[in-house]
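Sharing a structure here in structure tokens format.
The values are calculated or read from the model by the stated rules, or taken from the named source; none is laboratory data. Predicted, not measured: the structure shown is a model, and the values here were computed from it. Cβ placement follows ideal geometry from the backbone for every residue including glycine, while neighbour counts extend to all protein chains displayed.
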Amino acid sequence: MEIKGKVVYQNIATGCWGIIDGNNGKWRVTNMPAQLQKEGLQVKVIAEKVEEGFSIFMWGKPIRVVSYEL
């Protein structure tokens, strides 16, 4: 899936990176590349949904970034 949006950092528990898309959809990135770890950065990512049995984070739908563009 392709997601375009803004990078955000959520200070929840140990912290997590995410993307808020143009429709205010919240996506929690499980493998945020270091180049994208900048609050407010506009990005386009190709991602896959991640199935999680349990997570301490109650924010966003989990995804794994496959590729990205700045």
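Would a scan of the stretch 31-52 turn up a residue that is of a type outside the set (K, R), surrounded by fewer than 11 Cβ atoms within 10 Å (Cβ to Cβ), out of contact with any Pro (no Cβ under 9 Å at 6 or more places or on another chain) and modelled with pLDDT under 95?
no
Report every pair of residues separated by at least 6 positions or lying on different chains whose Cβ atoms are under 9 Å apart, first residue within the stretch 31-51 and more than 15 Å from P62 (Cα to Cα), second surrounded by 12 or more Cβ atoms within 10 Å (Cβ to Cβ) and small (G, A, S).
Q42/G5; V43/G5; K44/G5
In addition: Which of the residues belonging to the stretch 15-70 are assigned to a loop (DSSP other than H, G, I, E, B) and hydrophobic (A, V, I, L, M, F, W, C)?
Answer for the stretch 15-70, where residues must be assigned to a loop (DSSP other than H, G, I, E, B) and hydrophobic (A, V, I, L, M, F, W, C): M32, L41, V50, F54, I56, F57, M58, W59, L70.
With the requirement that a residue be surrounded by fewer than 19 Cβ atoms within 10 Å (Cβ to Cβ) and either touching a residue at least 24 places away in the same chain (Cβ under 8 Å) or farther than 20 Å from M58 by Cβ (or both), what does the stretch 9-22 give you?
Passing the criteria: Y9, Q10, I12, A13, T14, G22.
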